[in-house]
Amino acid sequence: MEFIHFIVEMFPRFVFFYPFIMSLVWMTGALLFYLYRERHESVDFESIDWPMVNFVVPCYNEESTIIETIRYLSEMPYPKKEIIAVNDGSIDGTAEVLECLAGQYKESRVIH
């Protein structure tokens, strides 16, 4: 009976103090990691040989939104990218818009 009383009495303290103490442990670990590992390391992003990334954009009757989509993808700051717009038999003017965009953005291609 005394053990149960001890558990009931200690449980609220545990619920409060355990997350508090563990957050201090994690913050201390993060601070030490930053001070000893990351602070002195500098990365030259221009010298990295980035892998090629292809964005495949399926297009079906997207005449009103495809210009914005291709523009946002082309403005991404990733150096090696290719945008492949796949026209899936659109019945609106999507094909004409995609052909115009392929001439406008050098990293984009169109597949009909």
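No lab work stands behind these numbers, since they all come straight from the coordinates. Everything quoted here is computed from the prediction, not taken from an experiment. Cβ coordinates were reconstructed from backbone atoms using ideal geometry, including for glycine residues, and neighbour counts include every protein chain displayed.
Tell me which residues, restricted to region 42-82, are among the β-branched types (V, I, T), surrounded by 12 or more Cβ atoms within 10 Å (Cβ to Cβ) and in contact with a strand residue (DSSP E or B) (Cβ under 8 Å, 6 or more places away or on another chain).
Correct list: V53, V57, I66, T69, I70.
Within region 84-92, is there a residue that is among the acidic types (D, E), part of a loop (DSSP other than H, G, I, E, B), over 21 Å from the mean Cα position of the chain (by Cα) and farther than 29 Å from S47 by Cα? Talk me through it step by step, then tell me what you get.
In the first step, residues of region 84-92 are kept if they are among the acidic types (D, E); the result is 88, 92.
Now narrow it down to the ones that are part of a loop (DSSP other than H, G, I, E, B): 88, 92.
With over 21 Å from the mean Cα position of the chain (by Cα) added as a condition, the list becomes 88, 92.
Next, only the ones that are farther than 29 Å from S47 by Cα stay: 88, 92.
Yes: region 84-92 contains one or more residues that are among the acidic types (D, E), part of a loop (DSSP other than H, G, I, E, B), over 21 Å from the mean Cα position of the chain (by Cα) and farther than 29 Å from S47 by Cα.
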